[in-house]
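Following: one structure in structure tokens, then a few remarks.
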Amino acid sequence: MTTETISQDQTLLEDLRAARPLLWTNPARSDAAEVQTVVDGRVISLADSIEAQDRFLRFAPLLAQLFPELRETSGRIESGLHRVPAMQRALGLAPARGALWVKADHGLPVAGSIKARGGIHEVLEFAESLALENGLITRESDYATLAQAPARELFARYEVAVGSTGNLGLSIGVMAAALGFRATVHMSADAKEWKKTRLRARGVNVVEHEGDYAEAVAAGRRQADQDPYCYFVDDERSLSLMLGYSAAALHLREQFDAAGIVVDADHPLFVYLPCGVGGAPAGIAFGLRQIYGAHVHAFFAEPTQSPCFLVEMLSPGKSVYDYGLDNRTEADGLAVPRASELAAEAMAPILSGDYTVADDTLFLDLHRLRVSEGMQVEPSAAAGFSGPRMLTGSDAGRSWLADTGLAATLPNATHLVWTTGGLFVPPEAYAAFAERGAAIAAAADDDLAR
């Protein structure tokens, strides 16, 4: 290790402990055309993502019956892809550095966030396994029959539980209750009150905990261990969740093809993904890597006080508390002290980097997105918009682009920000977000004017 590298590492650790925004690039990332991904001893591939997608399609007739908002899409849960030139200008990303797009998972129906992908997939997989085991369906059946009495009587014997800061709980609770399961969501102290209220309105049992996300998950596990009819969705350890998220890459490929977006050596794809425990961004990054190989570069975005995935990559098994951070952030969906080891294992050869974002920046970019494009997102969902700035405007980013040879390809690059939640934020809550963002923007303008 050179003296320069040691100095860079020391600076990064100092910034991490001081909760200053930083960019870390992954020295273990593989540039090979194909990377074998091993999760908990199992090799996973694009075939697993396709199987997850096929499961969603098998359930589509039932979902269209259970959720009126899905009738127009015949039961498919998907989000739009949008070119956002006004937001690109607001962020100061010059056209010579690529084009900015948004994958709008903040508008996903049913759950209103990216968690509709993984969370709903795992509930569907559990329901499918029970129905198959009990002879109610075959894989060739019309799954709409699972809305009938025999299936609902079967599902009612079981409880589905999860620990969550909010959005995963919404997806699990809403889907489990709709299918006829008893549903329990263990909510951490970070969870917003409106998310608890929405769950209870759907008949979901909400158990509130004074501790953080990790404590809510632990409480859920303990409950499930004591009841053979309780199925626990474990965000820290679930391969089903991760593969549900990975199926998003298959639909994105269709959207890219329709938009004429090319991803290859001369047209790199940079994807910026808000990260909590890590399962959602890891699943998407895995799926995209299976499709586009080394030409896709995934960067995870985390709050400066809750960078659990970065901590896991630097010091496996450690939490943000070990670095003197307090895990307090307005980005409730990202307020996680310890990352999923399963997700970190999968990302070791795939992830290009991780960056941290101050809460004020989340609100500033939320404001910019509202004003420039009319999109309304949660603070946590705005984390991705710092990515292009960190990559092309910071010393660490420019150095990495030069070292990888990607600097020369930037004019042809696609920057894709994955927005992760916001559809069901109550108007009064969003108004408070917008007001704070506008105030931060006004203060920044005043500073520039001086």
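May I ask you to list the trypsin sites (Lys or Arg not before Pro) in the range 135-226 that are in a DSSP loop and have at most 12 other Cβ atoms within 10 Å of their Cβ? Display every interim value, and only then the final one.
Values: sites: Arg139, Arg152, Arg157, Arg182, Lys192, Lys195, Lys196, Arg198, Arg200, Arg202, Arg221, Arg222; in loops: Arg139, Arg157, Lys192, Arg202.
Filter output for the range 135-226: Arg139, Arg157.
Given the Cα-Cα distance of Asp257 and Ser141 and 0.36 nm per residue of separation, how much length would full extension add, in nm? It would help to have the intermediate numbers written out before the result.
Values: separation 116, 0.36 × 116 = 41.76 nm, distance 3.15 nm.
Additional length available on full extension: 38.6 nm.
Tell me, what ³J(HN,Hα) does each residue in the range 264-270 have, in order and in whole Hz, if you take phi through Karplus 6.51 cos²θ - 1.76 cosθ + 1.60 with θ = phi - 60° and put x for Gly and Pro?
7, 4, 8, 9, x, 10, 10
With only Lys, Arg, Asp and Glu charged, each at its Cβ (+1 for the first two, -1 for the last two), find how big the charge dipole of the chain is about the Cα centre; round to the nearest 20 debye.
Details: 38 positive and 58 negative charges, 173 e Å.
Computed about the Cα centre, the dipole is about 820 debye.
Give or take rounding to whole Å, what are the principal axis extents of the alpha carbon atoms in the range 115-240, in descending order?
44, 27, 23
Name the long-range amide H neighbours of Asp235: under 5 Å, sequence gap of 5 or more, or other chain; modelled H, no Pro or chain starts.
Under 5 Å from the amide H of Asp235 lie the amide H atoms of Gly163, each far enough along the sequence or on another chain.
How much of the DSSP bridge set in the chain is antiparallel, in percent, rounded to the nearest 5?
Working: 11 of 46 bridges.
Restricted to the chain, the bridges split so that about 25 percent are antiparallel.
7 Å from Cα along Cα→Cβ at both Ala348 and Arg202: what's the point-to-point distance in nm?
3.6
Find, among the GluC sites (Glu not before Pro) in the range 148-219, those assigned to loop by DSSP (not H, G, I, E, B) with at most 12 other beta-carbon atoms within 10 angstrom. Write down the numbers at each step before the final one.
Working: sites: Glu153, Glu159, Glu193, Glu208, Glu210, Glu215; in loops: Glu210.
Taking the range 148-219 and a limit of 12 other Cβ atoms within 10 Å, the loop GluC sites (Glu not before Pro) found are Glu210.
Report, largest value first, the span of the C-alpha coordinates of the chain along each principal axis, in whole Å.
67, 44, 43
Can you work out D for the range 315-407 in µm² s⁻¹ from Stokes-Einstein, where Rh is the Kirkwood radius over C-alpha pairs, the temperature is 25 °C and the viscosity is 0.890 mPa s?
On the way: Rh = 15.3 Å.
In µm²/s, the coefficient is 160.
To two decimal places, what compactness ratio does the range 234-284 give when its Cα radius of gyration is scaled by 2.2 N^0.38 Å?
Values: Rg = 13.1 Å, N = 51, 2.2 N^0.38 = 9.8 Å.
Here the Cα radius of gyration is 1.33 times the empirical estimate.
Compute the signed sum of charges (Lys and Arg +1, Asp and Glu -1) over the other residues within less than 15 Å, Cβ to Cβ, of Gly244.
Numbers: positive: Arg55, Arg58, Arg76, Lys115, Arg117, Arg237; negative: Asp48, Glu51, Asp54, Glu78, Asp105, Glu122, Glu125, Glu128, Asp234, Asp235.
Summing Lys and Arg as +1 and Asp and Glu as -1 gives -4.
Calculate how large, on average over all directions, the projected area of the Cα convex hull of the range 1-96 is; give the answer in nm² to one decimal. Could the numbers behind the result be given before it?
Details: hull surface 51.0 nm².
Mean projected area for the range 1-96: 12.7 nm², to one decimal.
All of the numbers you see were taken from the coordinates with simple rules; none came from a lab. No experiment lies behind these values; they were computed from the predicted model shown. Virtual Cβ from ideal backbone geometry, glycine too; neighbours counted across all protein chains shown.
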